[in-house]
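*Asks:* Below you'll find the structure I mean.
What follows is calculated from the coordinates using simple rules that are stated; it is not laboratory data. All values reported here derive from a predicted model rather than from experimental measurement. We place every Cβ from the backbone using ideal geometry, glycine too, and count neighbours over all the protein chains shown.
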Amino acid sequence: MLRASLAVPSAGAQWSGITTRIAERLLETGAVDAVLTMAPDPDDSWRPMPVLVTEASGMAQCRGMRMGYAPLLALVEPARAQGFKRLAVIGIPCQVYALRALEKSLGFERLFVIGTPCSDNTTTERFHQFLELISEQPDDITYLEFRADYHVEIRYKDGRKKAVPFLMLPLSKLPNDFFPLTCRTCVDYTNVLADITVGYMGGEGEQWLIVRNERGAELLSLLGNEIRTQVPGSKGKRFGPVKGFLANVERAAGGLPLRKMPQWLRPIVGWLMPKIGPRGLEFARARVEMKAVESIVHLRREKPGRMKNMVPEHVWKLAEPYGLKPTAEERK
Ligand SMILES: Cc1cc2nc3c(=O)[nH]c(=O)nc-3n(C[C@H](O)[C@H](O)[C@H](O)COP(=O)(O)OP(=O)(O)OC[C@H]3O[C@@H](n4cnc5c(N)ncnc54)[C@H](O)[C@@H]3O)c2cc1C
């Protein structure tokens, strides 16, 4: 694992642009025939639209995060039909799972998988509702990120930037099914089947890389000295925040109102969290454990019969310190 940034950030990237720069390098060096990824839909820049990019210059339009589902793998067979034999795919965990399941039958000579983490996704329509809740000018928002310092960063068309503490977000106004059950019960936040995962959770304001295998190392080496890397830091303690999160998820899943912090205390705690809360790798671990306990609580309530097939052993281990243990029927 590394903390990393491009020395010269790419314009329009979500963070410094490591993801799309790796893809550009693959195309520049002729290592792949095409890159399968998402571009903005021409009618709605927040809607991800799958594209096959064959020129390095074509990656610039793909930079940035667009929240929403899109059928990335619908273009895998067209890629084969066009005669592409070496492909790179940029995807979130659920897309990468499907890709790995199909990989052998697709018969590519080389397949590079650049993954990003994903905590939750929803439809683009629902994401627009969220933008309307957090801003008076939702149509002018060009960028949004849930940063690791407990703030949402919003950028506007006219260059304005705003950082809103998570605690000040109107999250309780979102419908319970804002994030669908598939995301609320996803046990792969960090994209384990990618060759390299490019995120930000453990990066303390920079990016966070997990180089997972030799192909991942090959992808990172394409960046040479364009990338600066360091050992990731780790501060704070995750147990309390994860336990508090679990208590709230249990209340919400049981239809009870969330335990809300008084309005006057929110700005103070919002200011304090980045200073005393878990940071760096401890923040990444906190989020992974939050996802683990969230998956168990929601699945137990909504699809108990699926528990034994959907909750892997390592997720039970992550949840155990918080008092969640499998029953005999829940274990495979
Ligand atoms: C729905 C979603 C949730 C995420 N949640 C987290 C998180 O919780 N923690 C974390 O560390 N990182 C998360 N990420 C990843 C993060 O937003 C950055 O994309 C990542 O850190 C790479 O930054 P970059 O500057 O290298 O990306 P860039 O160089 O700007 O490239 C971003 C790449 O992501 C692709 N992309 C954009 N939207 C989608 C989409 N909807 N589906 C698939 N691919 C898409 C683009 O096509 C592009 O190839 C999430 C990404 C998405 C799409």
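*Asks:* As I understand it, the dipole of the chain uses +1 on the Cβ of Lys and Arg and -1 on the Cβ of Asp and Glu, about the Cα centre. Which of F146, A101, L246 lies farthest toward its positive end?
*Replies:* L246
*Asks:* For a quick check: sort C186, C94 by the number of other beta carbons within 10 angstrom, fewest at the front. Numbers along the way, then the final one.
*Replies:* Values: C186 22, C94 17.
If I rank by nearby Cβ atoms, fewest first, I get C94, C186.
*Asks:* For L174, L99, L2, which order do you get if you count the other beta carbons within 10 Å of each Cβ and list the fewest first? It would help to have the intermediate numbers written out before the result.
*Replies:* Working: L174 15, L99 22, L2 18.
Least to most surrounded, the residues fall as L174, L2, L99.
*Asks:* Another question about this same structure. Which one of L26, L102, L111 has the biggest mean-square fluctuation once the chain is modelled by GNM with Cα springs under 10 Å?
*Replies:* Evaluated over the chain, the most mobile residue of the options is L102.
*Asks:* Now for a separate question. Specify which residue in the list H314, W271, V297 is farthest towards the positive end of the charge dipole of the stretch 233-332, using unit charges on the beta carbon of Lys, Arg (+1) and Asp, Glu (-1), about the Cα centre.
*Replies:* So the residue we want is W271.
*Asks:* From the C-alpha coordinates alone, can you work out the Kirkwood hydrodynamic radius of the stretch 199-332, in Å?
*Replies:* This gives a value of 17.4 Å.
*Asks:* Between V164 and I276, what is the FRET efficiency for a Förster distance of 22 Å, r being their Cβ-Cβ separation, to the nearest 0.05?
*Replies:* So the FRET efficiency works out to roughly 0.70.
*Asks:* Something else now. Using DSSP loop states and a limit of at most 11 other Cβ atoms within 10 Å to flag GluC sites (Glu not before Pro), what is the longest stretch of the chain containing no flagged site?
*Replies:* On the way: sites that count: E55, E109, E136, E329.
Free of exposed loop sites, the longest segment is 137-328.
*Asks:* Helix-only estimate, please: 222 nm mean residue ellipticity of the chain, summing -39500 (n - 2.57) across DSSP H runs of length 4 or more and dividing by its residues, to the nearest 500.
*Replies:* Mean residue ellipticity, 222 nm, calculated: -10000 deg cm²/dmol.
*Asks:* Given that compact globular proteins tend to follow 2.2 N^0.38 Å, what is the ratio of the alpha-carbon Rg of the stretch 1-101 to that value?
*Replies:* Against the empirical 2.2 N^0.38 Å value, I get 1.06 for the stretch 1-101.
*Asks:* On to the next question. Please compare each pair in K243/K308; K291/K332; K162/K317; K235/K332; K161/K237; K303/K325 to a cut-off of 27 Å on the Cα-Cα distance and tell me which ones are over it.
*Replies:* Numbers: K243/K308 24 Å; K291/K332 20 Å; K162/K317 38 Å; K235/K332 36 Å; K161/K237 30 Å; K303/K325 17 Å.
Beyond 27 Å: K162/K317; K235/K332; K161/K237.
*Asks:* Cut-off is 10 Å between beta-carbons; in what order do W271, W15, W264, W316 appear when sorted fewest neighbours first?
*Replies:* Starting with the residue having the fewest Cβ neighbours, the order is W264, W271, W316, W15.
*Asks:* Roughly what % of DSSP beta bridges within the stretch 35-146 run antiparallel, to the nearest 5?
*Replies:* The antiparallel proportion sits near 45 percent.
*Asks:* GNM on the chain, C-alpha springs below 10 Å: top fluctuator among L193, L265, L299?
*Replies:* Comparing L193, L265, L299 in a Gaussian network model of the chain, the most mobile one is L265.
*Asks:* If the chain between A328 and K303 were fully stretched, how many nm would it gain, using 0.36 nm times the residue separation less the Cα-Cα distance? Could the numbers behind the result be given before it?
*Replies:* On the way: separation 25, 0.36 × 25 = 9.00 nm, distance 1.60 nm.
So the extension gain works out to 7.4 nm.
*Asks:* Multiply the residue separation of I268 and F239 by 0.36 nm, subtract the distance between their alpha-carbon atoms, and state the gained length in nm to one decimal.
*Replies:* Additional length available on full extension: 8.3 nm.
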